[in-house]
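The values are calculated or read from the model by the stated rules, or taken from the named source; none is laboratory data. Quantities reported herein were computed from a predicted structural model and do not represent experimental measurements. For neighbour counting, all protein chains shown are included, and Cβ atoms are generated from backbone atoms with ideal geometry for every residue, glycine included. When the accessible area is computed, the model is the full protein with side chains, heavy atoms only, and any ligands, DNA or RNA have been set aside. Shrake-Rupley method; radii C 1.70, N 1.55, O 1.52, S 1.80 Å.
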Amino acid sequence: MPAAEVEIGEDLVRSLLVEQHPDLADRRLTPVAEGWDNVIYRLGDDLVVRLPRRQLGADLVANEHRWLPDLAPRLPIPIAAPIRTGAASGDYPWAWSICPWFDGEVAADAALAAPQVEARRLGEFVAAFHSEAPIDAPANPLRGRPMSYLLARIPESIERSGTLVDRGRVAKRGAELLDVDDWGGPPLWLHGDLHSANVVVRDGSITAVLDLGDLTSGDPACDLAIAWMLFGERERELFRTAAGSRFPIDDATWQRGEAWALHFALLYVLHSRDNERFGRMGAELLAAVDAR
């Protein structure tokens, strides 16, 4: 994974709480996860503290603080919108968040009890999210981009992958998927990082969507890649229909979604030497887009 630019431990988290949210400072702290951008500590039973571990993640926190309180109420599945915010201090350089805790497992590690039902539910969430974005929606250099972005990035990832993938097969599949028209509609709100480790499942049902730091606007195809991560072919069609209830998902948009799935699969494979979950996600996703 990308290296942490700030080491975050329990003592630092506790000191920030004492300084900025003293009414929560005596709660139990339990480390939960360290992702590419953030470190997560559970705070008592019902909250989490989420702190960026590198500048790239810190740049995204302001977007969450600004936009998520407005977006969350209109979504049919709860999201990890901040309920309190933290500021930089003498011991820590960036803004940070306190968010709700959602019981369950991430979808990358959990089975869905009724995949067809969950495909429709997640599609409805995506449709609700994909409303027209305002002109001042946050920009993102990595998500929601036109196909020219993937035309450069996918071959680069294939070249870097060495023996981790069948480069000839992946290159062939990439060429097929990238031969597609760009999005011609208005810029839509995007989650930006909607993958199976950012979806919470409890008792086989999706209960929450996490990590909206990559929130941006643009081509909705980026968010459609989740269909190849969670669902089989039949369920993907149910997801597509539900996700396209506001802005219909034509064949070109669906193909771009699969191209994004291939892009994410290569990233997960390339950056998973120290993260078994992402390695598994990458291998399974390559198989789903028929590029393993």
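Using a probe of 1.4 Å on the protein chains alone, the accessible area found for His21 is around 20 Å². Note on Glu105 and Ala25: the model spin-label points, each 7 Å out from Cα along the C-beta direction, lie 3.8 nm apart.
Its Cα gyration tensor gives segment 15-90 an equivalent ellipsoid, and the semi-axes of that ellipsoid, as √(5λ) in whole Å with the largest first, are 20, 16, 13.
Rounded to two decimals, the Cα-based Rg/Rh of segment 81-153, with Kirkwood Rh, is 1.06.
Across the options Thr30, Ala261, His191, the greatest Cα extent toward the positive end of the charge dipole of the chain (unit charges at beta carbon of Lys, Arg, Asp, Glu) belongs to Ala261. For segment 129-143, backbone phi angles converted through the Karplus equation (6.51, -1.76, 1.60; θ = phi - 60°) give residue-by-residue couplings of 5, 7, 8, 4, 8, x, 5, 9, 4, x, 7, 9, x, 10, 10 Hz, Gly and Pro being listed as x.
On full extension, the segment bounded by Asp136 and Glu7 gains 43.2 nm, given 0.36 nm per residue less the C-alpha separation. The trypsin sites (Lys or Arg not before Pro) of segment 8-113 that DSSP puts in a loop, and whose beta carbon has at most 10 other beta carbons within 10 Å, are Arg28. Label-to-label distance, Asp70 versus Arg153, with points set 7 angstrom from Cα along the beta-carbon direction: 2.5 nm. For Ile79, the residues whose modelled amide H falls within less than 5 Å of its own, excluding neighbours fewer than 5 places apart on the same chain, are Val209. Note on Arg167 and Thr207: their simple-model spin labels are 4.5 nm apart, each label 7 Å out from Cα toward Cβ. Overall, the chain carries a charge dipole of about 340 debye about its Cα centre when +1 sits on the Cβ of Lys and Arg and -1 on the Cβ of Asp and Glu, all other atoms neutral. Near the amide H of Ala33, within less than 5 Å, lie the amide hydrogens of Ile40, all on another chain or at least 5 residues away, with H placed in the peptide plane. Phi-derived couplings, Karplus 6.51 cos²θ - 1.76 cosθ + 1.60 at θ = phi - 60°, listed residue by residue for segment 174-186: x, 4, 5, 6, 7, 7, 7, 6, 6, 5, x, x, x Hz, with x used for Gly and Pro. Applying 0.36 nm per residue to the separation of Asp250 and Ala62 and subtracting their alpha-carbon distance, the gain on full extension is 64.4 nm. Placing unit charges on the Cβ atoms of the charged side chains and taking the dipole of segment 164-250 about its Cα centre, the candidate lying farthest along the positive direction among Cys222, Val170, Val180 is Val170. The helix-only estimate of mean residue ellipticity at 222 nm for the chain, built from DSSP H runs of length n ≥ 4 each weighted as -39500 (n - 2.57), is -13000 deg cm²/dmol after division by the residue total. Our coupling estimate for segment 24-39, obtained by passing each phi through the Karplus curve with A = 6.51, B = -1.76, C = 1.60 and θ = phi - 60°, is 10, 5, 8, 6, 5, 10, 10, x, 10, 7, 10, x, 5, 10, 9, 10 Hz, Gly and Pro reported as x.
Annotation: amide H of Val199 within the under-5 Å range of Ala107, Ala108, Leu210, sequence separation 5 or more or interchain, hydrogens built in the peptide plane.
When restricted to Cα atoms, the chain yields an Rg and a Dmax of 18.8, 57 Å, respectively.
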